[in-house]
Amino acid sequence: MITPNLAISNRDFDVKSTEIKKKNDEFLNTINSIKNTTNISLTYEDIKTLSIEEIEEKYTDEDEKILAKNLKMATFFSKDEILSKTLFNSILKKPISSGYDYLSSKFSDKNNYLKAKFDNTSLFDLLHMSLSYSINGNKNNISKNDLDDILLKVNSFDFLDSLSSNYKKGYDKYKEKNNKYSFLYDNYSKEYDEIIKNYKELEEINKSIIKQF
């Protein structure tokens with residue numbers, strides 16, 4: 001009785017092993033196909049060196065092209081490369097369809113942050129105005145002038161902390177009322193908590209690399 005059962009188990013194992021190997025081979029072939037098509041990896045260093053025109057030429061697959069453009073925008077976010085890399089990595093983890101909206105919201109937040117800082121305006125009021133536009137179906141299109149302002153060097157951690165605390169302030173204000181804004185405030189505050197966490201991790205990696213020299 002033992003031998004037949006063992007034989008069946010071995011056959012099942014062989015079948016499963018063959019299936020797994022086949023799937024692994026298919027996956028590797030897909031990856032190699034992508035590499036052969038673009039000859040470029042989606043790393044921060046590679047994307048940063050490419051112009052938009054080069055991305056248009058080198059990426060033939062539409063989804064890859066959209067992703068590469070979003071990643072390129074992330075490299076522009078700040079002169080602080082740790083912050084730009086943090087957003088770059090966040091976009092890589094997201095579905096391609098949501099990458100642009102995610103990045104646009106961060107550019108809009110930074111624009112509001114700079115307005116509040118230099119125009120002595122309430123950051124909370126600016127964020128609430130942006131959320132109002134968003135709920136009413138209006139997209140926040142970023143003008144070239146706003147982009148020029150956004151590229152100004154700021155204290156990155158102060159920016160992240162300010163956005164996180166103000167979104168939490170909004171959530172605390174509206175959560176008891178079951179208000180339509182509460183979900184958005186909560187979602188954005190969690191996004192900034194995640195960005196801060198990832199920022200600190202990248203910062204520690206950079207410090208450890210420097211210590212090796």
Distance in Å, no decimals, from the C-alpha centre of region 159-200 to the one of region 77-91 is 19 Å
Computed lengthening from Asp172 to Asn89, 0.36 nm per intervening residue step minus Cα-Cα distance: 27.0 nm
Give Lys48/Lys207; Lys85/Lys117; Lys106/Lys168; Lys48/Lys85; Lys106/Lys173 a once-over and call out the pairs whose C-alpha atoms are over 18 Å from each other. Lys48/Lys207; Lys85/Lys117; Lys106/Lys173
Can you list residues from other chains, or at least 5 along the same chain, whose modelled amide H is less than 5 Å from the amide H of Ser122? none
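Throughout, read-outs are computed from the coordinates displayed, never taken from laboratory work. None of these values were measured; they are calculated from a predicted model.
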